[in-house]
Amino acid sequence: MEEGEKDESEGGVWSWGAGTDGQLGTTILEDEHFPKLLHQPLLSSVSSLACGGAHVIALTSAGKVLSWGRGNSGQLGHGEVVSNALYPKALTSLDDSFITHVAAGWSHSAFVSGLDFSAVSLSAVFLKRISVESDYTGCVFTCGDGSFGQLGHGDYASHSSPVKVSCFIDQHVAKVACGMRHSLVLLKGHCSGADCPGNQVYGFGSGKRGQLGVNIDRVKSVNVPRLVSGFEGEEIVEIAANGDHSAAVSVDGHVYTWGRGFKGFDDAHTPQCLNSTLNFTKIALGWNHALTMSGEGEVYMLGGNHPGVLGDPQNTKSEKHLPFSMHSGDQKRQPKCRTNRLREFVKKDSNMTALEFEDFREANLEKVPGLDGMKITDIASGAEHSFLFSEHGEIKTWGWGEHGQLGLGNTSDQISPVTVSLGYDLNEAASIRVFCGSGFTFALGSGSELPVAVYRMESQESSTYFGIHDALCWKAMCSAPKAPPKFDNYEGM
Amino acid sequence: MSYDDVEIEDMEWNEELQAYTYPCPCGDLFQITKEDLKLGEEIARCPSCSLYITVIYNIEDFLADSDKNRQNKGLQPVAVA
């Protein structure tokens, strides 16, 4: 396919769910119960999205940022406090930077710059190669509500334009994650063979539920980034934050969670390794649950269905049949596991009876049922809803549906995964990624597995193509044994 | 069923709404006014959805708040010239 002839059905952006603050980008303040294809020319180059409480931060293949939705705390970054923005608008204040990663919390936003254009000559960007070691800056900018210290600037001030977090100016930041009132930052380790110290994670903002992971003792809040302790030398490649939860995934496939305890468990003030032999590659957090995906494409859930949502009196009939709520009839059960260490229970057979579930009520990690061996390639979590994407292009959802955030055309809750249609027959090669905000959902289609912004890494052995957003690829780059790898940007600038 | 139990100190005072608020998973805010709290109301509702939370607070703190002679209670010393 010729460049510029992108088929809309493959490269489209869809949204649905709560539209009370314009977060759907539909230019109206209304909920959508079906996936709605957005006809915004500005969105055609979007390569990734971050959905917050009621705002959206979009990253384009050219490293530019767009935002829309609620802006009453300055979280849109346009330099003004507005109740909401109905149309995607470019963040011009970040024009000097090539943004590689974005995150959205309840009412704050964060941006990782991969390259500072003001520090690199344009000819180097367009014609020559960019040396990762010397030119990749990886700074973090934050904006929005800072009243819990979640912007990391050493105070509790809010900002309506992105401000560089000074703590990371001399560091190489890989990723950032924003929860309700806290933020996490993942640094790219300065790997040099066997002497790799492992990537470091920092936390700042509200720490009341332990979500910062910086101290065993209760920390109300911190307004400067503090090192998260307890990874025991593991190399972290993924971080996640939502609600009062935090999580990280190591290169060896270990999942760590900290912060507010999932149903039946105490809060954890330092990262707790999920006791499992599975090799996990990704974790997605809600406000009361977590999804984690294994390298084999299986998906497990922590926390089960939250009683406040799916245990609502109007849903009690279905609650009795919750396929993955292990102790739905025993909400006040005290945690027996004093160490907070979440134990694994792998359900071998999804047809277990309710009685058998009772026998395993201590279990906390449950395999998402009803997938019939379907290989899952991506997961996403909103506050109280979940999405899966299969290798055959099927999108599955379940959870709270009051605002239509499941995209099924109604406002019903779903207790087990059901298929969502975007209303298009997707090309075999098309890849859909789903991004969830608090009560809304976005789907982003692209023609291939890779993000649109593709870089070529030249090593002495071979040329490898990879997306700059992929932490695992960063790792591959870090461990490249010879001369510092060079980037040759050939697309999307 | 209450979505969550939230301590009043974790709620934020919103001048515009004249209410204590806490994030609702639908994207809006759970809200409860000082008047509600003085009456012993402990449910904060979200105007956009069916969810509500239980607010954990000490009613005396709010009854005292309306007391014009607060400084006489001796709880918070007030500098007097």
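The values are calculated or read from the model by the stated rules, or taken from the named source; none is laboratory data. Source: prediction; values computed, not measured. Here the Cβ is made from the backbone with ideal geometry for all residues, glycine too, and neighbour counts use every protein chain on show. Note: areas computed on protein heavy atoms with side chains; ligands, DNA, RNA excluded. Shrake-Rupley method; radii C 1.70, N 1.55, O 1.52, S 1.80 Å.
State all residues of region A:70-84 that are surrounded by fewer than 23 Cβ atoms within 10 Å (Cβ to Cβ), in contact (Cβ under 8 Å) with a residue 24 or more places away in the chain and not in a loop (DSSP other than H, G, I, E, B); if no residue qualifies, say none. Steps first, answer last, please.
From region A:70-84, those surrounded by fewer than 23 Cβ atoms within 10 Å (Cβ to Cβ) are A:72-73, A:78-84; that's our starting set.
Retained after the next criterion (residues that are in contact (Cβ under 8 Å) with a residue 24 or more places away in the chain): A:72-73, A:78-81, A:83-84.
Those that are surrounded by fewer than 23 Cβ atoms within 10 Å (Cβ to Cβ), in contact (Cβ under 8 Å) with a residue 24 or more places away in the chain and not in a loop (DSSP other than H, G, I, E, B): A:Ser83, A:Asn84.
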Note to self: I need every pair where a residue in region B:21-37 that is at the interface with another protein chain (Cβ under 8 Å from one of its Cβ atoms) has its Cβ under 7 Å from the Cβ of a residue that is of a type in the set (Ser, Thr, Tyr) and buried (at least 21 other Cβ atoms within 10 Å of the Cβ), sequence separation at least 6 or different chains.
What the structure shows: B:Pro25/A:Ser438; B:Cys26/A:Ser438; B:Gly27/A:Thr20; B:Gly27/A:Ser438; B:Asp28/A:Thr20
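Each row is one residue, and each column tells you yes or no for (1) more than 18 Å from the chain's Cα centre (by Cα); (2) farther than 13 Å from A:Ser15 by Cβ; (3) open to solvent by less than 30 Å² (accessible area, probe 1.4 Å); (4) more than 14 Å from chain B (Cβ to nearest Cβ).
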| site | (1), (2), (3), (4) |
| --- | --- |
| A:Ala383 | no, yes, yes, no |
| A:Ser390 | no, yes, yes, yes |
| A:Trp400 | yes, yes, yes, no |
| A:Gln405 | no, no, yes, no |
| A:Asn410 | yes, yes, no, yes |
| A:Leu422 | yes, no, yes, yes |
| A:Thr441 | no, no, yes, no |
Notebook entry, point to check: Which one of the conditions (1) at pLDDT 95 or above; (2) assigned to a strand (DSSP E or B) does A:Ser47 fail to meet, given that it meets all the rest?
Noted result: (1)
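Per-residue answers, yes or no, for (1) modelled with pLDDT under 95; (2) part of a loop (DSSP other than H, G, I, E, B):
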position: B:Val6; (1), (2): no, no
position: B:Tyr20; (1), (2): no, no
position: B:Pro25; (1), (2): no, yes
position: B:Gln31; (1), (2): no, no
position: B:Gly40; (1), (2): no, yes
position: B:Ala44; (1), (2): no, no
position: B:Pro47; (1), (2): no, yes
position: B:Ala64; (1), (2): yes, no
Notebook entry, point to check: In region A:128-145, is there at least one residue being at pLDDT 95 or above, within 26 Å of A:Gln171 (Cα to Cα), within 14 Å of another protein chain (Cβ to nearest Cβ) and in contact with a Cys (Cβ under 8 Å, 6 or more places away or on another chain)?
Noted result: no
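Each row is one residue, and each column tells you yes or no for (1) open to solvent by 30 Å² or more (accessible area, probe 1.4 Å); (2) at pLDDT below 90; (3) in a strand (DSSP E or B).
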residue: A:Gly198; (1), (2), (3): no, yes, no
residue: A:Gly205; (1), (2), (3): no, no, yes
residue: A:Lys208; (1), (2), (3): no, no, no
residue: A:Leu212; (1), (2), (3): no, no, no
residue: A:Asp217; (1), (2), (3): yes, yes, no
residue: A:Gly230; (1), (2), (3): yes, yes, no
residue: A:Glu238; (1), (2), (3): yes, no, yes
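So, in region A:269-286, how many residues would count as being within 14 Å of another protein chain (Cβ to nearest Cβ) and within 24 Å of A:Ile216 (Cβ to Cβ)?
Looking only at region A:269-286, we keep the residues that are within 14 Å of another protein chain (Cβ to nearest Cβ), and these are A:285-286.
Subsequent filtering for residues that are within 24 Å of A:Ile216 (Cβ to Cβ) retains A:285.
So the answer is 1.
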Item checked: Of the criteria (1) of a type in the set (Gly, Ala, Ser); (2) at pLDDT 95 or above; (3) crowded, with 18+ Cβ neighbours inside 10 Å, which one A:Gly189 fails -> (2)
Next item on the list: Could you tell me which residue of region B:1-20 is farthest from the other protein chains (Cβ to nearest Cβ), considering only residues that are open to solvent by 40 Å² or more (accessible area, probe 1.4 Å) and among the acidic types (Asp, Glu)?
Entry: B:Glu15
Margin query: Go through region A:262-278 and report how many residues are within 20 Å of the chain's Cα centre (by Cα) and either open to solvent by less than 20 Å² (accessible area, probe 1.4 Å) or at pLDDT 95 or above (or both).
Written below: 3
Item checked: Inter-residue pairs, beta-carbon under 6 Å, first under 20 Å from A:Phe440 (Cβ atoms) and in region B:42-57, second in a strand (DSSP E or B), 6+ apart -> B:Cys46/B:Phe30
Margin query: Between A:Leu66, A:Leu42, A:Leu76, A:Leu24, which is more than 18 Å from A:Thr142 (Cβ to Cβ) and at pLDDT 95 or above?
Written below: A:Leu24
Note to self: Condition (residue is more than 25 Å from A:Gly393 (Cα to Cα), in contact with a Lys or Arg (Cβ under 9 Å, 6 or more places away or on another chain) and within 13 Å of chain B (Cβ to nearest Cβ)) applied to region A:30-51: is it met by at least one residue?
What the structure shows: no
Next item on the list: Could you please find all residues in region A:28-68 being under 26 Å from A:Glu384 (Cβ atoms), out of contact with any Asp or Glu (no Cβ under 8 Å at 6 or more places or on another chain) and open to solvent by 40 Å² or more (accessible area, probe 1.4 Å)?
Entry: A:Ile28, A:Glu30, A:Asp31, A:His33, A:Phe34, A:Lys36
